[in-house]
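Only one structure is covered here, and it is reproduced in the block below.
The values are calculated or read from the model by the stated rules, or taken from the named source; none is laboratory data. Keep in mind the model is a prediction, meaning the values are calculated, not measured. All Cβ positions, glycine included, derive from the backbone under ideal geometry; neighbour counts span all protein chains shown.
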Amino acid sequence: MEYQLRMYKIKDGQMETFLGIFPAVVEARRAVGFEVTGAWMILEENQFIWIVGAEDGIEATSERYYASEQRRAIEPEPAKLVETIDTRTMVVVPT
């Protein structure tokens with residue numbers, strides 16, 4: 001399983017709208033094989049942070065996600081609500 005830490009700075013005044021479409025984003029990601037580990041907010045910084053995982057790898061699963069009809073149907077377009085996106089691909093360390 002490969003994981004990705006996704007950190008978004010949401011545009012001013014858009015957090016409520018983003019949170020309104022987030023369930024559809026999660027549903028569309030799960031439909032193509034993503035696991036959503038969790039999501040968090042840092043309200044005073046307008047930050048939204050979440051972790052996704054994929055058995056087939058992040059890149060291959062992302063390609064399926066962005067090509068899916070379910071993803072294209074999400075309105076408003078999620079990227080239009082985000083000022084910046086920072087991602088980090090991660091692997092599990094056995095403990």
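Things to note:
- The set of residues in the stretch 79-88 that are touching a strand residue (DSSP E or B) at 6+ places or on another chain (Cβ under 9 Å) and at pLDDT 95 or above comprises L81, V82, E83, T84, I85, D86, T87, R88.
- Among residues of the stretch 53-72 being modelled with pLDDT of 95 or more and not in a helix (DSSP H, G or I), the one that is farthest from R88 (Cα to Cα) is S68.
- When we screen F34, F22, F48 for residues that are touching a Ser or Thr at 6+ places or on another chain (Cβ under 9 Å) and hydrophobic (A, V, I, L, M, F, W, C), the only hit is F34.
- Any hit, the stretch 38-46, residues being closer than 18 Å to V82 by Cβ, of a type in the set (V, I, T) and within 13 Å of the chain's Cα centre (by Cα): no
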